[in-house]
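What follows is one structure encoded as structure tokens, with my remarks underneath.
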Amino acid sequence: MKYTLLLVLFFLQHLAYSQSNKIEVASEKGDDKLMLTIFLKHDQSMNLNEIEQIRTDQGFYQNFPPEGVSVINWYVVMGIGQMVVLELPASKLSAVNLAIERTAWKAFKTEIYPTYNLYPIIENKLKNKSKVVY
């Protein structure tokens with residue numbers, strides 16, 4: 001009897017532990033798209049015309065963003081340079097990297113960060129629910 005009780009307790013503990021380790025995915029889309037934020041940091045030893053000439057010569061405007069990649073936003077960040085937010089299938093990540101390496105280097109120093117939109121998750125928690133849409 002004592003061993004049966006221990007066996008039952010063991011199984012209950014195991015069952016409770018396995019149920020508590022469920023992984024919830026924040027994305028409800030179920031696709032392989034991701035967002036990427038790219039900082040194109042100005043080299044302040046060059047003026048804007050010199051930077052523009054390098055971008056043009058390297059084919060930046062013809063090759064960025066690569067096919068299948070969407071621009072969500074493109075901002076000027078004063079004192080830093082430009083910030084580009086892209087949406088892309090995960091399979092296009094290497095194409096974005098190559099496009100940056102081949103056409104933006106020399107004109108910019110780059111920083112690239114995977115990002116996601118937190119607003120749909122946090123929206124209902126905010127006291128002020130207004131969102132600016134341009």
Considering only residues that are basic (Lys, Arg) and out of contact with any strand residue (DSSP E or B) (no Cβ under 7 Å at 6 or more places or on another chain), look in the range 99-127 and name the one that is surrounded by the fewest Cβ atoms within 10 Å (Cβ to Cβ). Lys127
Which residue out of Val76, Val96, Val71 is surrounded by 15 or more Cβ atoms within 10 Å (Cβ to Cβ) and β-branched (Val, Ile, Thr)? Val96
Spot the failing condition for Pro66; the list is (1) modelled with pLDDT of 95 or more; (2) in a strand (DSSP E or B); (3) not aliphatic (A, V, I, L, M), and only one is missed. (2)
Is it fair to say Ala99 is out of contact with any helix residue (DSSP H, G or I) (no Cβ under 8 Å at 6 or more places or on another chain), among the small types (Gly, Ala, Ser), at pLDDT 95 or above and outside any loop (DSSP other than H, G, I, E, B)? no
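The values are calculated or read from the model by the stated rules, or taken from the named source; none is laboratory data. Please read all numbers here as calculations on a predicted model, not as lab measurements. No Cβ is skipped: glycine too gets one built from the backbone with ideal geometry, and neighbour counts run over all protein chains shown.
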